[in-house]
1. Return only the number of the condition from (1) in contact (Cβ under 8 Å) with a residue 40 or more places away in the chain; (2) assigned to a loop (DSSP other than H, G, I, E, B) that A:Gly89 does not satisfy.
2. Among the residues of region A:141-151, which ones are in a helix (DSSP H, G or I), at the interface with another protein chain (Cβ under 7 Å from one of its Cβ atoms) and of a type in the set (A, V, I, L, M, F, W, C)?
3. Taking the options A:Asp7, A:Asp18, name whichever one is modelled with pLDDT under 95 and not small (Gly, Ala, Ser).
4. Count, please, the residues in region B:77-95 that happen to be more than 14 Å from every other protein chain (Cβ to nearest Cβ), farther than 16 Å from B:Leu54 by Cα and within 8 Å of DNA strand C (Cβ to nearest atom).
5. Can you tell me which of (1) within 14 Å of another protein chain (Cβ to nearest Cβ); (2) within 9 Å of DNA strand D (Cβ to nearest atom) is the one A:Leu43 doesn't meet?
6. Which is on the phi > 0 side of the Ramachandran plot and surrounded by 11 or more Cβ atoms within 10 Å (Cβ to Cβ), of B:Gly128, B:Gly146, B:Gly89, B:Gly111?
7. Just to be sure, is A:Leu71 closer than 26 Å to A:Leu134 by Cα, at pLDDT 95 or above, among the aliphatic types (A, V, I, L, M) and within 14 Å of DNA strand D (Cβ to nearest atom)?
8. Sort out which residues of region A:108-135 are touching a residue at least 12 places away in the same chain (Cβ under 8 Å) and not in a helix (DSSP H, G or I), and write them in order of number.
2 protein chains.
Amino acid sequence: MSAAGLDAPVEADPLALDRQLCFQFYAASNLINRLYAPVLRELGLTYPQYLVMLVLWEGDGVSVGALGRRLHLDSGTITPLLKRMEALGLVRRERDRSDERRVQVRLTEAGRDLRARAVSVPATMSRGRDAGELDALRETISGLVGLLAEAQPARG
Amino acid sequence: MSAAGLDAPVEADPLALDRQLCFQFYAASNLINRLYAPVLRELGLTYPQYLVMLVLWEGDGVSVGALGRRLHLDSGTITPLLKRMEALGLVRRERDRSDERRVQVRLTEAGRDLRARAVSVPATMSRGRDAGELDALRETISGLVGLLAEAQPARG
DNA sequence: GGCGATTTGATTGTGCGCAATATTCTTGTG
DNA sequence: CACAAGAATATTGCGCACAATCAAATCGCC
């Protein structure tokens, strides 16, 4: 039934969009971001800002570099992001006294208080989905993220 | 062993970064993009431009709207992206004669020729990984993308 | 102490990604 | 044909995201 009428195995187009795992991740990431946006808007946060807050709520007082390693982002992304968050009154950026190359990021009172309004976000977003499935998927992708991080050109 | 010394089940922090499935997708998408960048650079493409080319190589002559639905992107993203690709000489943008609201996107000769240099990209990127695992993961995430697309506020 | 290599952030420039809005065209109704 | 309603794309403004580059501070070795 092949167009060429040959007996050779059907060779699917390697460039077919739907066969690209990368595209599925790209689409999923964009779609997830779009679902979170209106919920986080209630908190006055963008999605990457929310991630920064998650790190700071786990343990306050983190250097810019540590934040970047945790979120897999570089300083060119994080520095302006933190400046906007500082302008919002959520964090303070201050030079480390003992090593003036470092900039420590700390929560303000408002930043700490915001946590109470954020605790419901994960439940809101996963409502109606099977928790076990989501957990299993998270484990799988977490492993992949680990591999991808090691495979990075100049960061492995 | 809990800090409070209670018998209540250990309630893990719902805001822990590593427990957020959304973050795993976000990180994976960024890391994948970073892995593709140097390979696609050889072709003179960015990652989203590569995705547009994949769509056009599957079937030339697509409207901006159709392109957006396929890639889950809106016109505010795609229009300037296509203009850059037109400046690179890869595509042409022309008004549909029968419905002048529509803009059809077509490959140029150079755009068609680029396909030959792109066919090796998927194999290059998946080298050293188990094809079966990647396929299974793709199926899983493809299903999730379908659900996420339906769950979108004003597009479902 | 002096001095080059390294580490750490900041800056600059380009390219997405999306909400909100504007513009242009088609369609339906009379 | 005129005109209102709707559809499709373009424009604008803001916020990431990263490569490349720069500046400053620390570390290592002498």
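1. In the conditions (1) in contact (Cβ under 8 Å) with a residue 40 or more places away in the chain; (2) assigned to a loop (DSSP other than H, G, I, E, B), A:Gly89 misses (1) alone.
2. A:Ile141, A:Leu144, A:Val145, A:Leu148, A:Ala149, listed by residue number.
3. Answer to the check: A:Asp7.
4. Adding up the residues that qualify gives 3.
5. The failed condition is (2).
6. Among B:Gly128, B:Gly146, B:Gly89, B:Gly111, only B:Gly89 is on the phi > 0 side of the Ramachandran plot and surrounded by 11 or more Cβ atoms within 10 Å (Cβ to Cβ).
7. Taking the combined requirement at face value, the residue satisfies it.
8. A:Thr108
The values are calculated or read from the model by the stated rules, or taken from the named source; none is laboratory data. All figures in this text were calculated on a predicted structure; none of them were measured in a lab. Note: ideal-geometry Cβ built from the backbone for every residue, glycine included; neighbour counts use all protein chains shown.
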